[in-house]
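Notes to accompany the following structure.
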Amino acid sequence: MNYIGIDLGTSAVKLLLMEGSGKILKIVSREYPICFPKPGWSEQNPYDWFTQSMDGLKELLDGTDRSLVAGISFGGQMHGLVALDDKDEVIRPAILWNDGRTTKECDYLNQVIGKERLSAYTANISFTGFTAPKVLWMKNNEPENFAKIHKIMLPKDYLAFRLSGNYSTDVSDASGTLFFDVKNRCWSEEMCEICSIKTSWLPKVYESYEEVGTLLPELAKELGVSDQVKIVAGAGDNAAAAVGTGTVGDGACNISLGTSGTVFISSDKFGVDENNALHSFDHADGSYHLMGCMLSAASCNKWWMDDIIGTKDYGAEQENITKLGENHVFFLPYLMGERSPHNDPNARGTFIGLTMDTTRADMTQAVLEGVAFALRDSFEVARSLGIHIARTRICGGGAKSPLWKKIVANVLNIPVDIPENEQGPSMGGAMLAAVACGEYPTVRDAAETIVKLTDTVEPEPELAAKYEERYQKFRKIYPACRDLFLELAK
């Protein structure tokens, strides 16, 4: 049988058709707009997700045996607030994961309610990107819209709702709402009360590999597939990417170099970083994970190339970078503020160390290195907890760059394994669908069978030592700028 994975990303939806063996048959993509109504705000129209996904499904299935499609599942951008009224209509544009408008609400949750209480209820503290402070922002700033709320959904779950007619979410995505008791894998009644919402507003929670319904008959007819196609809960994009790269089981690690950047560490045991610098979430394989998330990763390079330099030839720009570990320019990659480990929505992108002999290549290199250094910040938190990370896998658009992978391997000073298929969340979604349909008994079995490694980038001792020295300088820059960022934000 065949399985479809839908990666509902920030800039586009990617759809992947996979055989039960793991062979990828076809991939298509559809873009949709993102709106920035005010500095630091980020919104999208959920209807665009559905219409572009349906168009993408039609292209994906064109020329294939549609009778073989057994299941559809998802990996999706996390934390976004989709609010529906009692007629299941979208009340306002979705507020996305990288939206920074909720500073006051986060301060209220972290300072007034208290980080200790939040961590006790949810295993996490409040970040501006999380869903709960967005709901509070609606209550405080759009009371007329807040009064209309009948359901609160996450982006991929809105898509699952439109396909199946059922309200659902999965444990990994729910973990990033701040409404969820991660340890016990259920909604937190205490957090619902704190945020003045009804538990009935929240969808039913499933494990990522569980069926939430079947494809609506009218959509099945439109797509030319069976109305018995299973719609499977899926996972937040990072957990889905981890499944797609085989990052399951205790101590496995994956780095995602997508629009955002993540360090994902799988664990059989529930655990919380006492400073909450890392997120403690449920994993799509039925276990747990710790995750460090930076809001701007590959998007930093896209901004630098597209908007500043004005080129789409990323490879050509990187060809001029030859002196790794010796750059005198540093870059803070905080273009949308930052989450892990600083939790500072006022942080901003910053170049420092520019001189009259600074070149275009130096600044391009600084962008790539700044993202790698920021990823290491999360590694350092994990190491402070006694977690030994011997190696990591990598995925995402940035992982297509051999130079960037080399920089990451040496900044972290560990081997970086390259999966055969770097499709991340869409591959993970298809694998979760296969598990739900009985193709594999568990997510781990699916990962062990399907995921293959093609290469490993080993760190070079001399270069790693140079980057160690550079990183120790990098980590001093944000503390020196923190108070200035706050002043500039006023």
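The values are calculated or read from the model by the stated rules, or taken from the named source; none is laboratory data. Worth saying up front: this structure is predicted, and the values here are computed from it rather than measured. Methodologically, a virtual Cβ is constructed for each residue, glycine included, from the backbone with ideal geometry; neighbour enumeration extends over all protein chains shown.
Applying the selection to region 200-213, what residues are out of contact with any strand residue (DSSP E or B) (no Cβ under 6 Å at 6 or more places or on another chain) and either over 19 Å from Asp285 (Cα atoms) or modelled with pLDDT under 95 (or both)?
Ser200
Which of the residues spanning region 251-276 are of a type outside the set (A, V, I, L, M, F, W, C) and more than 19 Å from the chain's Cα centre (by Cα)?
Within region 251-276, Gly251, Asp268, Lys269, Gly271, Asp273, Glu274, Asn275 qualify.
Yes or no, residue by residue, for (1) on the phi < 0 side of the Ramachandran plot; (2) surrounded by 19 or more Cβ atoms within 10 Å (Cβ to Cβ); (3) touching a His at 6+ places or on another chain (Cβ under 6 Å); (4) not in a helix (DSSP H, G or I):
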{"residue": "Asn145", "(1), (2), (3), (4)": "yes, no, no, no"}
{"residue": "Tyr158", "(1), (2), (3), (4)": "yes, yes, no, no"}
{"residue": "Phe161", "(1), (2), (3), (4)": "yes, yes, no, no"}
{"residue": "Asn184", "(1), (2), (3), (4)": "yes, no, no, yes"}
{"residue": "Met191", "(1), (2), (3), (4)": "yes, yes, no, no"}
{"residue": "Ile197", "(1), (2), (3), (4)": "yes, yes, no, yes"}
{"residue": "Ser208", "(1), (2), (3), (4)": "yes, yes, no, yes"}
{"residue": "Val212", "(1), (2), (3), (4)": "yes, yes, no, yes"}
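Can you say whether Ser67 is over 24 Å from the mean Cα position of the chain (by Cα), modelled with pLDDT of 95 or more and not in a loop (DSSP other than H, G, I, E, B), as far as the supplied structure shows?
On the way: over 24 Å from the mean Cα position of the chain (by Cα): yes; modelled with pLDDT of 95 or more: yes; not in a loop (DSSP other than H, G, I, E, B): yes.
Judged against the criteria, Ser67 is a match.
Applying the selection to region 40-63, what residues are free of Cβ contacts under 8 Å to residues at least 24 places away in the same chain and either in a loop (DSSP other than H, G, I, E, B) or crowded, with 17+ Cβ neighbours inside 10 Å (or both)?
Answer for region 40-63, where residues must be free of Cβ contacts under 8 Å to residues at least 24 places away in the same chain and either in a loop (DSSP other than H, G, I, E, B) or crowded, with 17+ Cβ neighbours inside 10 Å (or both): Asp48, Asp62, Gly63.
Among the aliphatic types (A, V, I, L, M), within 20 Å of Ser378 (Cβ to Cβ) and over 19 Å from the mean Cα position of the chain (by Cα) - does that describe any residue in region 416-432?
Scanning region 416-432, I find at least one residue that is among the aliphatic types (A, V, I, L, M), within 20 Å of Ser378 (Cβ to Cβ) and over 19 Å from the mean Cα position of the chain (by Cα), so the answer is yes.
Take the residues in region 338-365 that are out of contact with any helix residue (DSSP H, G or I) (no Cβ under 9 Å at 6 or more places or on another chain) and buried (at least 17 other Cβ atoms within 10 Å of the Cβ), then tell me which one is farthest from Ile407 (Cα to Cα).
So the residue we want is Arg339.
Is there a residue in region 113-127 that is assigned to a strand (DSSP E or B) and touching a residue at least 60 places away in the same chain (Cβ under 8 Å)? First the steps, then the outcome.
Let us first name the residues in region 113-127 that are assigned to a strand (DSSP E or B), namely none.
Checking region 113-127: not a single residue is assigned to a strand (DSSP E or B) and touching a residue at least 60 places away in the same chain (Cβ under 8 Å).
For the list (1) surrounded by 21 or more Cβ atoms within 10 Å (Cβ to Cβ); (2) of a type outside the set (Val, Ile, Thr); (3) out of contact with any His (no Cβ under 6 Å at 6 or more places or on another chain), I need the number of the one condition that Arg66 fails.
Every condition holds for Arg66 apart from (1).
Being modelled with pLDDT under 95 and assigned to a helix (DSSP H, G or I), is that true of even one residue in region 81-103?
yes
Out of all the residues in region 251-274, is one or more over 19 Å from His388 (Cα atoms), part of a helix (DSSP H, G or I) and of a type in the set (A, V, I, L, M)?
Within region 251-274, not a single residue is over 19 Å from His388 (Cα atoms), part of a helix (DSSP H, G or I) and of a type in the set (A, V, I, L, M).
Tally the residues that are farther than 14 Å from Ile407 by Cβ and either hydroxyl-bearing (Ser, Thr, Tyr) or not in a loop (DSSP other than H, G, I, E, B) (or both), restricting the search to region 325-337.
So the count comes out to 4.
Kindly indicate the residue of region 163-182 that is in a loop (DSSP other than H, G, I, E, B) and not polar (S, T, N, Q) and also nearest to the chain's Cα centre (by Cα) among those meeting that condition.
Gly176
May I ask you to say which residue of Gly286, Gly310, Gly325, Gly251 is surrounded by fewer than 18 Cβ atoms within 10 Å (Cβ to Cβ), modelled with pLDDT of 95 or more, farther than 22 Å from Ala174 by Cβ and of a type in the set (Gly, Ala, Ser)? First the steps, then the outcome.
Numbers: Gly286 fails: farther than 22 Å from Ala174 by Cβ; Gly325 fails: surrounded by fewer than 18 Cβ atoms within 10 Å (Cβ to Cβ); Gly251 fails: modelled with pLDDT of 95 or more.
Sole residue among the options that is surrounded by fewer than 18 Cβ atoms within 10 Å (Cβ to Cβ), modelled with pLDDT of 95 or more, farther than 22 Å from Ala174 by Cβ and of a type in the set (Gly, Ala, Ser): Gly310.
Check whether at least one residue in region 313-324 is within 26 Å of the chain's Cα centre (by Cα), without any contact (Cβ under 8 Å) to a residue 12 or more places away in the chain and not in a helix (DSSP H, G or I), and report yes or no.
Looking through region 313-324, at least one residue is within 26 Å of the chain's Cα centre (by Cα), without any contact (Cβ under 8 Å) to a residue 12 or more places away in the chain and not in a helix (DSSP H, G or I).
Determine which member of the set Arg101, Arg92 is among the basic types (Lys, Arg) and without any contact (Cβ under 8 Å) to a residue 60 or more places away in the chain.
Arg92
Considering only residues that are among the β-branched types (Val, Ile, Thr), outside any loop (DSSP other than H, G, I, E, B) and closer than 24 Å to Ala12 by Cα, which ones fall in region 214-248?
Of everything in region 214-248, those that are among the β-branched types (Val, Ile, Thr), outside any loop (DSSP other than H, G, I, E, B) and closer than 24 Å to Ala12 by Cα turn out to be Ile231, Val232, Val243.
Residue check, Phe379 against (1) surrounded by fewer than 20 Cβ atoms within 10 Å (Cβ to Cβ); (2) modelled with pLDDT under 95, all met but one. Which one?
Of the numbered conditions (1) surrounded by fewer than 20 Cβ atoms within 10 Å (Cβ to Cβ); (2) modelled with pLDDT under 95, the odd one out for Phe379 is (1).
Does Ile389 count as within 24 Å of Glu319 (Cα to Cα) and modelled with pLDDT under 95?
no
Name the single residue that is surrounded by the most Cβ atoms within 10 Å (Cβ to Cβ) among those in region 214-239 being in contact with a helix residue (DSSP H, G or I) (Cβ under 6 Å, 6 or more places away or on another chain) and closer than 17 Å to Met153 by Cβ.
Looking at the filtered set, the residue picked out is Gly234.
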